[in-house]
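Peer 1: Would you mind keeping the following structure in view while I ask a few things?
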Amino acid sequence: MNKNNFNFKGRTAIVTGGGQGFGLDVAKRFLEGGAKVIIWDINQNLLDEAVKELNSENLTSQKVDISNYKEVEETVNGITLNNNIDILINNAGITGPTGPLWEYDVEMWKKIVDINLVGTFNCCRTIVPNMIKNNYGRIVNVASVAGKDGNANASAYSSGKAGAIGLTKSLGKELADKNIAVNAVTPAGAKTRILEQMSKEHVQRMLSKVPRGRFLEIYEFTSLVCWLASEENSFSTAAVFDISGGRSTY
Ligand SMILES: NC(=O)c1ccc[n+]([C@@H]2O[C@H](COP(=O)([O-])OP(=O)(O)OC[C@H]3O[C@@H](n4cnc5c(N)ncnc54)[C@H](O)[C@@H]3O)[C@@H](O)[C@H]2O)c1
């Protein structure tokens, strides 16, 4: 695969959930494009492994739980003392277990929405003021095709991702008179560790809905995110970019 290069020289990017999966791959491509990258994750072991694997002086890792507003705020304040934040990839997320809404564990339901939706709010709430000050920013919110279609037995996840899509549309419009773009992406299933949180039958059902007839490759996801996060994306905002292999055609 001949991959395109993206120019991120002089940019500082935060990638949440950067310890593995999509986030780790995005961090890698950002580094290749010349960015300074800060990966956030709730899991210290994953961060340590990621730092070892990417092995770059332009990479920093910070243990952050995005659903904890105070923690996010303090971390951002520490960064913006000396750096601007040009790019924010709200990628951290969990699906939680699969099961019907009327049997779903109440605390788990709230936790899933807290991470997928409120976590995205927390990061935007604390980082956007810095972007406004610099009149520059590219935000990509990683939603899911579940947030558009609603997956059976995934009501919390579908609701959290639908909420992240709504947030993207609102915030994008609020910032449209500035050089700040806010967009969402809606991937179909890709083979990352997140699939281990769901039943095998659920994953098979997801795959059966994809006209391309296969899983999304991680680098395909990363390419779309890179363009949206690049300076060249100077017009598209408040929009939802589909990467579901034909599943959602709206
Ligand atoms: N892989 C897929 O099939 C798929 C499809 C559609 C959307 N997505 C979305 O893509 C994003 C990345 O998923 P992935 O497939 O790479 O999953 P993953 O499980 O491999 O990675 C997610 C990362 O987020 C971190 N994380 C979880 N909760 C956190 C918190 N509260 N604070 C900080 N970090 C936290 C995890 O530790 C993990 O490293 C998620 O938002 C997911 O919902 C994935």
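Peer 1: Within the stretch 89-121, can you find the residues that are more than 14 Å from the ligand (Cβ to nearest atom) and either under 13 Å from residue 16 (Cβ atoms) or more than 20 Å from the chain's Cα centre (by Cα) (or both)?
Peer 2: Here is the first cut: in the stretch 89-121, the residues more than 14 Å from the ligand (Cβ to nearest atom) are 99-107, 109.
Of everything in the stretch 89-121, those that are more than 14 Å from the ligand (Cβ to nearest atom) and either under 13 Å from residue 16 (Cβ atoms) or more than 20 Å from the chain's Cα centre (by Cα) (or both) turn out to be 99, 100, 101, 102, 103, 104, 105, 106, 107.
Peer 1: Next question. Can you tell me which residue among 73, 53 is within 15 Å of the ligand (Cβ to nearest atom), open to solvent by 30 Å² or more (accessible area, probe 1.4 Å), farther than 25 Å from residue 25 by Cβ and at pLDDT 95 or above? Walk me through how you get there before you give the answer.
Peer 2: Values: 53 fails: farther than 25 Å from residue 25 by Cβ.
Just one listed residue meets the conditions, 73.
Peer 1: Take the residues in the stretch 141-181 that are surrounded by 24 or more Cβ atoms within 10 Å (Cβ to Cβ) and aliphatic (A, V, I, L, M), then tell me which one is farthest from the ligand (Cβ to nearest atom).
Peer 2: 181
Peer 1: Select from the stretch 186-217 the residues that are over 16 Å from residue 95 (Cα atoms) and near the ligand (Cβ under 8 Å from one of its atoms) and write down the one among them that is surrounded by the most Cβ atoms within 10 Å (Cβ to Cβ).
Peer 2: Looking at the filtered set, the residue picked out is 216.
Peer 1: Looking only at the stretch 120-129, which residues are open to solvent by 10 Å² or more (accessible area, probe 1.4 Å) and either at pLDDT below 95 or over 15 Å from residue 183 (Cβ atoms) (or both)?
Peer 2: 121, 125, 126, 129
Peer 1: I would also like to ask the following. Among the numbered criteria (1) away from the ligand (no atom under 16 Å from the Cβ); (2) free of Cβ contacts under 8 Å to residues at least 60 places away in the same chain, which single criterion is violated by residue 86?
Peer 2: (2)
Peer 1: A further question follows. Of all residues in the stretch 7-28, which are open to solvent by less than 40 Å² (accessible area, probe 1.4 Å) and outside any strand (DSSP E or B)?
Peer 2: Looking only at the stretch 7-28, we keep the residues that are open to solvent by less than 40 Å² (accessible area, probe 1.4 Å), and these are 8, 12-19, 21-27.
Those that are open to solvent by less than 40 Å² (accessible area, probe 1.4 Å) and outside any strand (DSSP E or B): 8, 17, 18, 19, 21, 22, 23, 24, 25, 26, 27.
Peer 1: Given the criterion under 14 Å from residue 226 (Cβ atoms) and within 8 Å of the ligand (Cβ to nearest atom), identify the matching residue among 6, 30, 22. Explain how you work it out, then say what you get.
Peer 2: Working: 6 fails: within 8 Å of the ligand (Cβ to nearest atom); 30 fails: within 8 Å of the ligand (Cβ to nearest atom).
That would be 22, the only listed residue that is under 14 Å from residue 226 (Cβ atoms) and within 8 Å of the ligand (Cβ to nearest atom).
Peer 1: Further, regarding this structure: For residue 62, work out the one condition from (1) away from the ligand (no atom under 11 Å from the Cβ); (2) touching a residue at least 12 places away in the same chain (Cβ under 8 Å); (3) open to solvent by 40 Å² or more (accessible area, probe 1.4 Å); (4) not in a loop (DSSP other than H, G, I, E, B) it doesn't fulfil.
Peer 2: (1)
The values are calculated or read from the model by the stated rules, or taken from the named source; none is laboratory data. What you see is a predicted model, and the numbers here were worked out from it, not measured in a lab. Neighbour counts are summed over all protein chains in view; Cβ atoms, including those assigned to glycine, are modelled from backbone coordinates with ideal geometry. Side chains are part of the model used for accessible areas, which takes the heavy atoms of the whole protein and leaves out ligands, DNA and RNA. Shrake-Rupley method; radii C 1.70, N 1.55, O 1.52, S 1.80 Å.
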